[in-house]
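Since every read-out is calculated from the coordinates, none of them should be taken as a lab result. The structure presented is a predicted model; accordingly, all values stated were derived computationally and were not measured. Using ideal geometry, Cβ is built from the backbone for each residue, glycine included, and neighbour counts are taken over all protein chains shown.
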Amino acid sequence: MRRRTLLMKPAPIAGLIALGILSLAALSRALFAQEDPSGEWSVRFDEDMYERTRGAEIGDYLGLPINDAARLRADSWDAALVELPENQCRQHGSDYGWRGPSALHIWQEVDRATQKVIAYHTHLSAYGAEQTIWMDGRPHPPDYAPHTWEGFSTGQWEGDQLVVTTTHLKENWLGLNGVPRSDMVTSRVHIMRHGNYLTVAVIMYDPVYMTEPFIRTSDFVYNPQQQMAPWPCEPVDEVDRPPGVVPHHLPGTNKFLDEFARRYGVPFEATRGGAETMYPEYQLKLKNMPIPPPLPKRKPVQ
């Protein structure tokens, strides 16, 4: 009888352990619950304000993991390209659209019978760009399917983050200074809501123009009173040019590439970008690089 009593004593302990496991599971679900990103969001410029509001400067490739092909295309780019009628209403790709000075609206598409979320939809005020994020498990289309500005996106929850994978994007850019991004890119976007704040982390994997993945974050604040106006865009002839002229710089002829380095006292070699310029250790290498002469001071306007 004594032996039987001893064998029965651990039973309450096992029950407590099971209860603890259930409690931890419940706590885990509470801590990592899905936070619906639906709503009206106003953009914040706490990160990279000057680049995002004024545009990245010509020749500034710092921190971009680009290769020689991307560098050559960026060196050949001319800002007057945006004046061409075919470019005036050109949307940002959905991987870059989060960066723009744009209000954001997110809403759910729900199946009436099951009440499951079929998709999330986004609308950005800039260019009226929209994106559909499918949540129903459908596969991505084959490689030969058409590419668009929004691409094809599927989403899934990883803890409290909505992770979006996008393929089939048209060729676009990494910034407003001509650095290209190919149509072979795959972007993975992590949408993270923290109460009234929304952080969007975009990771780009481009086998054509990048040697490593590239990540950037953008922030938004909840604004339920926000109202977005439409974005009508009609191309016009802004500059009188002969037909067929495309603004550009032939290799080795772009005289503006060193202005960024000279304006801010940055070694010209560093402004050429590359994966190593993304990492803190690169600062040690900067110490041994020559600083270019500053730009001449502009004469005050009389």
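Observations, loosely collected:
- D183/A79 FRET efficiency (R0 25 Å; Cβ-Cβ; nearest 0.05): 0.65
- Kirkwood Rh, Cα atoms: Rg over Rh of region 39-222: 0.96
- Between N223, N87, N177, the residue with the greatest mean-square fluctuation in the GNM of the chain (Cα pairs under 10 Å linked by springs) is N87.
- Mean separation of Cα contacts under 8 Å (6+ apart) over length of the chain, as relative contact order %: 24
- Burial order of peptide ranges 124-132, 143-151 (average beta-carbon count within 10 Å, highest first): 124-132, 143-151
- Largest-first principal axis extents, alpha carbons of region 193-302, Å: 50, 48, 43
- The antiparallel fraction among DSSP beta bridges confined to region 39-222 stands at about 95%.
- When the chain is treated as a Gaussian network with alpha carbon springs shorter than 10 Å, the biggest mean-square fluctuation among A275, A79, A70 belongs to A79.
- The 3J(HN,Hα) values that the Karplus relation (6.51, -1.76, 1.60; θ = phi - 60°) gives for region 227-238 are, in residue order, 10, 9, 7, x, 10, x, 9, 10, x, 9, 7, 7 Hz. Gly and Pro appear as x.
- Entry note, region 148-240: relative contact order of 18 percent, from Cα contacts under 8 Å with a spacing of 6+ residues.
- Counting only DSSP beta bridges with both residues in region 110-217, the antiparallel share comes to about 90 percent.
- Dipole magnitude (debye, nearest 20) for the chain, charges at Cβ of Lys, Arg, Asp, Glu: 1560
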